[in-house]
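A.B. asks: This is the structure, below, for whatever I ask next.
The values are calculated or read from the model by the stated rules, or taken from the named source; none is laboratory data. Nothing here was measured: the structure is a model prediction, and the numbers come from that model. Here Cβ is always computed from backbone atoms with ideal geometry, including for glycine, and neighbour counts include all displayed protein chains. We work out accessible area using only protein heavy atoms, side chains counted, and drop any ligands, DNA or RNA first. Shrake-Rupley method; radii C 1.70, N 1.55, O 1.52, S 1.80 Å.
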Amino acid sequence: MTTKTSELLADAAPRAVAVVRGISDDQFDLPTPCEDYTVRVLLNHLFHAVVNFQTMAARQPVDLTDEGDLLTDGWRERFAAETQRLVQAWADPAALEGVSPGTGLPQETVGDMAVTDLTVHAWDLARAIGQPYEAAPATIATLNAFMDRMGETSRQMGTFAPPVAAPSDATELERAVARMGRDPGWSPS
């Protein structure tokens, strides 16, 4: 079985895994488009998000304050395995039913949050290490639909910064991340 969310995650997961596999340990201290986050901190955050969104698919409580270091031996392979578990967790149609007990949001919105986190943080990390990154058109449409519904609330909660202007030659993904307060032209230098 699959759902729209699991199909989006199935497309986004290998793209994120490719970026993560491309990160060398000597790049951990590089800055990222997420102000105050180094590559190591953002990578840990993304790893935790991948694991937490699996639990949220089952409507189980998660401890969002746990940001322990997951970058221990074999972390690249474990990240790849966890992204596959994320896809599977959201493949069950029941994962999209009802309201999340942890967030009070519809489960469909939580699923869109999983797609958004995986995609946008993969873009952040790719930018930080100078890798190209693209997302599928359906994923970009989901990011924009999520921002239409939750953008203002997310900004009020401090999840996203105020939107920034995207240049006329920006890609659709760059326009979407600009809505989230990221500079589409950001580079580590």
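A.B. asks: Tell me, what is the percent relative contact order of segment 30-189, built from C-alpha pairs under 8 Å that lie six or more residues apart?
C.D. replies: The normalised contact order for segment 30-189 reaches 23 percent.
A.B. asks: What translational diffusion coefficient, in µm²/s and rounded to a whole number, does the Stokes-Einstein relation yield for segment 128-170 at 37 °C and a viscosity of 0.692 mPa s, taking the hydrodynamic radius as the Kirkwood radius over Cα pairs?
C.D. replies: For the chosen part, D equals 266 µm²/s.
A.B. asks: If each DSSP helix of 4+ residues adds -39,500 (n - 2.57) and the sum is divided by the residues in the chain, what number results at 222 nm, nearest 500 deg cm²/dmol?
C.D. replies: Counting only the DSSP helices, I get -18500 deg cm²/dmol.
A.B. asks: Please give me the summed charge of the neighbours of A138: other residues whose Cβ is under 10 Å from its Cβ, Lys and Arg +1, Asp and Glu -1.
C.D. replies: Value of the local net charge: -1.
A.B. asks: Can you divide the C-alpha Rg of segment 68-125 by 2.2 N^0.38 Å and report the result to two decimal places?
C.D. replies: Dividing the Cα Rg of segment 68-125 by 2.2 N^0.38 Å gives 1.30.
A.B. asks: Then there's this: Which of A138, V41, A170 sits closest to the plus end of the dipole of the chain, meaning its Cα is farthest towards the positive end, when Lys and Arg get +1 and Asp and Glu get -1 on the C-beta?
C.D. replies: Working it through, the farthest residue towards the positive pole turns out to be A138.
A.B. asks: For the pair A138 and T72, what calculated FRET efficiency results from E = 1/(1 + (r/R0)^6), where r is the Cβ-Cβ distance and R0 = 30 Å, to the nearest 0.05?
C.D. replies: Once the sixth-power term is evaluated, E becomes 0.30.
A.B. asks: Once you sort the root eigenvalues of the Cα gyration tensor of segment 80-173 as a ≥ b ≥ c, which label holds: rounded (a/c under 1.5), prolate (a/b larger than b/c) or oblate (the other case)?
C.D. replies: Cα axes put segment 80-173 in the oblate bin.
A.B. asks: In square nanometres, what is the average projected area of the Cα convex hull of segment 1-47?
C.D. replies: With every direction weighted equally, the projected area is 4.0 nm².
A.B. asks: Sticking with this one: In a shell of Cβ-Cβ distance under 14 Å around R85, excluding R85 itself, what net charge do Lys and Arg (+1) and Asp and Glu (-1) give?
C.D. replies: Charge balance in the 14 Å sphere: -2.
A.B. asks: Please report, in debye to the nearest 20, how large the charge dipole of the chain is about its Cα centre when each Lys and Arg carries +1 at its beta carbon and each Asp and Glu carries -1 there.
C.D. replies: That gives the chain a dipole magnitude of about 280 debye.
A.B. asks: P167: net charge of surrounding residues, Cβ under 12 Å, Lys/Arg +1, Asp/Glu -1, itself excluded?
C.D. replies: After counting each charged neighbour, the total is -2.
A.B. asks: Over the Cα atoms of the chain, compute the convex hull volume and normalise it per residue, giving Å³.
C.D. replies: It comes to 110 Å³ per residue, whole-number rounded.
A.B. asks: At 1.4 Å probe size, with every protein chain present, just tell me what the per residue accessible area of the chain comes to in Å².
C.D. replies: Spelled out: the 1.4 Å probe surface of the chain, per residue, equals 48 Å².
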